[in-house]
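First comes the structure, then the notes that go with it.
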Amino acid sequence: MKILTWPNQILTTKAINVEKIDEETNKIIDEMLNIMLSNNALGLAAPQIGISKRIIVAKISEEQLVILVNPKIKNKKDLGLYEEEGCLSLPGVKIKVERANTIDVEGLDRKGNELHYHLSNLDAIIIQHEVDHLNGITLLQKANFMQHQKIKKQLKQEARYVKRNKKKIIHKS
Ligand SMILES: [Zn+2]
């Protein structure tokens, strides 16, 4: 499985709730953890690997792995936290986005047990970023108009470059 990048439509589609946590759900979770860790990322949402379901994984407190099925953010507090964020689905893009400094997040683990986390700072940012993905929101929608135009251009150039190189490879073989 590979990471979807802009402008794939799944990235801007609202993901659906997981009705039943079964073997398939656990397979998706394992795949997501693998991809997140092998890319040295801090979080990943299922739509990023083409699965439009409400599942996120994250690495918080620098090492603790978090798996949340059907996550819900409650009690967003202290807006005004701005950190530069990147995203595996928007290669090369960095944007400063306004986030809440502290959040409570609830969801289910891979066995269906209820989880609750009280998070702040970077940990809170990661979870807000991943839950945004479940709602079809990427950093691009969070950018202001000027940033948006610039980044779109940059991403289009990158896509063209990848396409050109792929063609070359196909031509050779
Ligand atoms: Zn992302």
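What follows is calculated from the coordinates using simple rules that are stated; it is not laboratory data. Remember, predicted model here, so these are calculated numbers, not experimental data. Here the Cβ positions follow ideal geometry from the backbone for every residue, glycine too, while neighbour counts run over all protein chains shown.
Given the pairs Lys77/Lys111; Lys94/Lys163; Lys59/Lys150; Lys27/Lys111; Lys96/Lys150, which span a C-alpha to C-alpha distance of over 18 angstrom in this model?
Lys77/Lys111; Lys94/Lys163; Lys59/Lys150
Counting pairs of alpha carbon atoms under 8 Å apart in space and at least six apart in sequence, what relative contact order in percent does the chain give?
23 percent
For the chain, give the magnitude of the charge dipole about the Cα centre (Cβ charges: +1 Lys/Arg, -1 Asp/Glu; no others), in debye to the nearest 20.
Values: 28 positive and 21 negative charges, 299 e Å.
Taking the Cα centre of the chain as origin, the dipole is about 1440 debye.
Can you work out the PRE-style zone for Glu19? Point 7 Å along Cα to Cβ, and I want the residues of the stretch 48-67 with backbone N under 17 Å.
Answer for the stretch 48-67: 52-55.
Amide H neighbours of Val18 under 5 Å, counting only residues 5+ apart in sequence or on other chains, H built in-plane at 1.01 Å?
The list, which skips near neighbours in sequence, is Arg54, Asn70.
Measuring from label point to label point, each 7 Å out along Cα→Cβ, what is the Gln64 to Lys150 span in nm?
Going by the 7 Å Cα→Cβ label model, 3.6 nm.
Got a sec? How would His133, His118 order by Cβ neighbour count within 10 Å, fewest to most?
His118, His133
Could you tell me which residue out of Gln154, Val93, Thr138 lies farthest along the dipole of the chain toward its positive end? Charges go on the beta carbon: Lys and Arg +1, Asp and Glu -1, centred on the Cα centre.
About the Cα centre, the residue reaching furthest to the positive side is Gln154.
Based only on other Cβ atoms within 10 Å, what is the fewest-to-most ordering of Lys2, Lys152, Lys72?
If I rank by nearby Cβ atoms, fewest first, I get Lys2, Lys72, Lys152.
For Glu85, enumerate residues with amide H under 5 Å from its amide H, sequence gap 5+ or separate chain, H modeled in the peptide plane.
Placed amide hydrogens put Ile95, Lys96, Val97 under 5 Å from Glu85.
For the stretch 60-173, build the convex hull from the C-alpha positions and give me its volume per residue in Å³.
141 Å³
Ranked by Cβ crowding within 10 angstrom, fewest neighbours first, how are Arg110, Arg164 ordered?
The most exposed by this proxy come first: Arg164, Arg110.
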